[in-house]
Amino acid sequence: MPILDAHALDFISYNYDQTLRYGVKLGQLLQPRDLVCLSGQLGAGKTALAIGIGRGWGALQPVTSPSYVLANEYSRADGAQLHHLDCFRLADASDAEHICLDERLAAGASLMVEWPENIAAALPRERLWVGMSYFEEEKRSLGMRAAGERFERLLAGFQKTAFQHGNV
Ligand SMILES: Nc1ncnc2c1ncn2[C@@H]1O[C@H](COP(=O)(O)OP(=O)(O)OP(=O)(O)O)[C@@H](O)[C@H]1O
Ligand SMILES: [Mg+2]
């Protein structure tokens, strides 16, 4: 049973495909300049959720892991941009310049950031933070935290579409 206040939503994904479906629901709601931080240990399912987000958002190419390239950029038919950053190899906030976080947002891209804690000090305060952790085998716990009015609305929208008519 998800727990919701304006800022927080906690739930469990029971398998990989369900994580994809949660991602699709979130991706359908993403707007330009939205920042989604995907936090969690190796194998927690951050990229799985990002793949679903890309599908729901309408990316023309399937999302793949940006682990080796730091940044992948996706387009939609209407020209909108979705960028997927991996900060695993970045050491601190000064590295955020190298991945052009602010420029990407200023240009209107929607952003997904894996390993956001590595550049914590450089992240905008307003964002949706998704913490994922290994629970058991195929179970993963997800904790969403919204900061700022836009992201509270995004979280409320996600709660509605993902849980109102039964689970995804
Ligand atoms: N419920 C689940 N949700 C997501 N992934 C799951 C789930 N159950 C099992 N898995 C498996 O866990 C792994 C998640 O890998 P993924 O690449 O998404 O993790 P990650 O958090 O992005 O790791 P990294 O920090 O290495 O980028 C996959 O092998 C996937 O098949
Ligand atoms: Mg990953």
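The values are calculated or read from the model by the stated rules, or taken from the named source; none is laboratory data. Worth saying up front: this structure is predicted, and the values here are computed from it rather than measured. For neighbour counting, all protein chains shown are included, and Cβ atoms are generated from backbone atoms with ideal geometry for every residue, glycine included. The area values use the complete protein model at the heavy-atom level, side chains included, leaving out ligands, DNA and RNA. Shrake-Rupley method; radii C 1.70, N 1.55, O 1.52, S 1.80 Å.
What are the residues in segment 1-28 that are away from ligand 1 (no atom under 16 Å from the Cβ) and at pLDDT 95 or above, if any? A8, L9, Q28 - these are the residues of segment 1-28 that are away from ligand 1 (no atom under 16 Å from the Cβ) and at pLDDT 95 or above.
When A91, A80 are screened for being of a type in the set (G, A, S), open to solvent by 30 Å² or more (accessible area, probe 1.4 Å), more than 14 Å from C37 (Cα to Cα) and away from ligand 2 (no atom under 14 Å from the Cβ), only A91 passes.
Among the residues of segment 29-54, those that are within 12 Å of ligand 1 (Cβ to nearest atom), out of contact with any Ser or Thr (no Cβ under 6 Å at 6 or more places or on another chain), not polar (S, T, N, Q) and not in a helix (DSSP H, G or I) comprise L38, L42, G43.
Residues in segment 94-108 that are under 21 Å from Y68 (Cα atoms) and among the small types (G, A, S) were compared, and the one that is most open to solvent (accessible area, probe 1.4 Å) is S94. Filtered by the rule that a residue be open to solvent by 50 Å² or more (accessible area, probe 1.4 Å) and touching a strand residue (DSSP E or B) at 6+ places or on another chain (Cβ under 6 Å), segment 140-158 gives R145, E152.
Is there a residue being part of a helix (DSSP H, G or I) and touching a helix residue (DSSP H, G or I) at 6+ places or on another chain (Cβ under 9 Å) anywhere in segment 56-64?
yes
Considering only residues in segment 118-139 that are at pLDDT below 95, out of contact with any Leu (no Cβ under 9 Å at 6 or more places or on another chain) and closer than 17 Å to S94 by Cα, the one that is least open to solvent (accessible area, probe 1.4 Å) turns out to be A120. Filtering segment 32-57 to residues that are away from ligand 2 (no atom under 13 Å from the Cβ) and open to solvent by 30 Å² or more (accessible area, probe 1.4 Å) leaves P32, R33, R55.
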